[in-house]
Amino acid sequence: MPRRPTYVLIATPLGEGGMGGIDRIMDEVRKIARLMPLEYVSISFGATRGQGSIALSPFYLAWFLVRMALLKALGKIDVLHINLSSHGSTRRKIIVARWSAILRIPYIVHLHGSRFRRFWNESTPSVASAIVEMFASASRIVVLGNIWKSFVAEKVPDTINRIVIIPNATPTPRLSHVEDETGRLRILFLGRVGARKGVPQLVEALSMLPKNDNWRATIAGDGDVEEMRQEIERRGLSDLVALPGWVGPDDVAKLLAESDVLVLPSFDENLPMSVIEGMAAGLAVIATPVGAVEDIIIDRETGLLVPTGDSKAIAASIQFLLDQPQAREALGEKARRLHRERLEIGMYFAELIDLWTGEKFGHNNFRRPYGDQNGL
C-alpha cells in the first residue's frame with residue numbers, strides 16, 4: 001500500500017516574499033518543497049499577520065484559523081508548525097495554539113524572535129501564563145541555539161526532552177566572489193538600520209578608520225536610513241559609506257559577492273541570517289556574542305567577536321582585517337567550511353522533514369496539545 005503523506009501546515013508571519021528573517025528562511029523551505037516534492041510529506045503555508053497594514057492582521061489570522069478547521073475536516077493536516085517571534089506574533093500564535101488544541105492538531109513551536117526573552121520576562125502574568133501553556137503543550141519546540149534551549153527549559157522545565165536545536169541556514173551562494181581591482185577592503189552590513197543592530201556604533205567605528213582609499217562600506221537595509229545618512233554626512237563619511245536602503249534578494253547576492261567583511265554589531269539576536277549568509281559567501285565576519293551567535297562564530301577561528309556597544313573594538317577588528325589579508329581569507333574560508341558542513345539549507349530542510357515525520361524522534365511521540373493524550 002502507498003504510504004499516506006504527513007500533512008504539514010506552516011504558520012508564517014507575512015507570507016511568501018516577506019522581508020523578515022522568518023519569512024525569508026521559510027521561503028527557502030518553500031522553494032525546496034516545490035523543486036523536490038516528496039510523496040510522504042505534503043507542505044502548505046499560511047500567513048497569520050500578512051503583508052501591508054497591521055490593521056489587516058485580524059483578517060489574516062481569522063482566515064488562517066478557518067483554514068485549519070477546513071484542513072482538519074478534510075483530513076489534510078497532521079502537524080502544525082508555528083513560527084514564533086515576540087510581541088504581536090506571540091499573541092497571535094497563542095490563539096493559533098489554542099485553536100490547534102480545540103481541533104486536536106499536534107503542533108511544533110519554532111522560536112525565532114531575538115527579543116523574545118525580554119518580552120516573556122516583561123509580560124503581564126496572564127500573557128506569561130499563556131506562553132507557558134503554549135510551550136508546555138507543544139509536541140516539539142525548535143530553537144536556534146544552545147542559549148535558547150537553556151532559556152526555554154528554565155522557563156518550562158518539563159519541555160527539556162522536547163526541545164530540538166535546528167540552526168538557521170541559507171543556500172550556497174549563487175554568485176562567486178568578485179575581487180576588487182583596487183585592492184580595497186569592502187565592508188558590508190545587512191539588516192535593519194537602527195540602534196538594536198548596532199548601526200550607530202558601526203558608523204562611529206568607521207569614522208575611526210583612516211579616511212583613505214583603502215576601504216569602502218555599504219550599510220544595506222530598511223529602518224532609520226535617513227537619520228543614519230545624516231550621521232554619516234556629519235562624520236564626513238559620505239564618500240566612503242553607501243546606504244542603499246532595503247535591497248532585494250538579487251542585490252543581496254551581489255553585495256555578498258562583492259564584499260570582503262560582514263559586520264553585525266547587534267545588541268540582541270537569535271541567530272541572524274546575515275551572519276550565516278556572510279559565512280556562506282566566505283566573508284570574514286565581525287559580530288557580537290549575542291543570542292546563538294557564539295554557536296557558529298568562534299572568535300579568531302570562524303570570525304571575530306567584539307563586545308556589544310564597543311565602537312573601538314569594531315574599528316580595531318576592521319583595521320586588523322585591513323592589515324592582515326591572509327588572516328581575513330583564513331577566517332572566511334573556515335566560515336565557508338562551517339556553513340557547508342552545518343548551515344546549508346538542504347540540511348535544514350532534511351531536519352524539518354525528520355521532525356515532521358517522526359523519522360528522528362518517533363512519530364508516536366508527538367503529544368496531543370493541552371493534555372489530550374490519545375496519540376496520533
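For the options ILE77, ILE314, ILE54, a Gaussian network treatment of the chain with springs between C-alpha atoms closer than 10 Å singles out ILE54 as fluctuating the most. The residues neighbouring MET273, those whose beta-carbon lies less than 13 Å from its own, together hold a net charge of -2 under the Lys/Arg +1, Asp/Glu -1 convention.
For the chain, the relative contact order works out to 16 percent when only alpha carbon pairs closer than 8 Å and six or more residues apart are counted. What you get for the chain, charging only the Cβ of Lys and Arg (+1) and of Asp and Glu (-1), is a dipole of about 1580 debye around the Cα centre.
Using the structure shown, select from LYS76/LYS155; LYS76/LYS254; LYS31/LYS72 the pairs with a Cα to Cα distance greater than 31 angstrom. Result: LYS76/LYS155; LYS76/LYS254 exceed 31 Å.
Using a ≥ b ≥ c from the Cα gyration tensor of region 185-342 (square roots of the eigenvalues), is it rounded, prolate or oblate, where a/c under 1.5 gives rounded and otherwise the larger of a/b and b/c decides, a/b for prolate? Present the calculation step by step, with values, prior to reporting the outcome.
On the way: a/c = 1.43, a/b = 1.31, b/c = 1.10.
It is rounded, given that a/c, with a ≥ b ≥ c, falls under 1.5.
Can you find, among THR218, PHE135, PRO171, the residue farthest towards the positive end of the dipole of region 102-229? Put +1 on the C-beta of Lys and Arg, -1 on that of Asp and Glu. Of the listed residues, the answer is PHE135. Can you classify region 1-87 as rounded, prolate or oblate using the Cα gyration tensor, where a ≥ b ≥ c are the square roots of its eigenvalues, rounded means a/c under 1.5, and otherwise it's prolate if a/b beats b/c and oblate if not? Oblate. Charge dipole of region 185-342 (Cα centre as origin; +1 on each Lys and Arg Cβ, -1 on each Asp and Glu Cβ, all else neutral): 240 debye, rounded to the nearest 20.
Under 10 Å from the Cβ of MET134, count the other residues' Cβ atoms, weight Lys and Arg +1, Asp and Glu -1, and hand me the total. That works out to +1. Would you please classify the overall shape of the chain from the alpha carbon gyration tensor, given that a ≥ b ≥ c denote the square roots of the eigenvalues, rounded means a/c under 1.5, and beyond that prolate means a/b larger than b/c while oblate covers the rest? Judged from the Cα gyration tensor, the chain comes out prolate (a/c at least 1.5, a/b above b/c).
Relative contact order for region 185-342: what percent, with Cα pairs under 8 Å and sequence separation of 6 or more? List each step's numbers first, then the result.
Values: 294 pairs, mean separation 38.8, N = 158.
Once divided by the residue count of region 185-342, the mean separation gives 25 percent.
Quick note: the coordinates plus some simple rules give every number you see, no bench work behind them. As the structure is a prediction and not an experimental result, all values here were calculated from the model. So basically every Cβ, Gly included, is an ideal-geometry build from the backbone, and we count neighbours across all protein chains shown.
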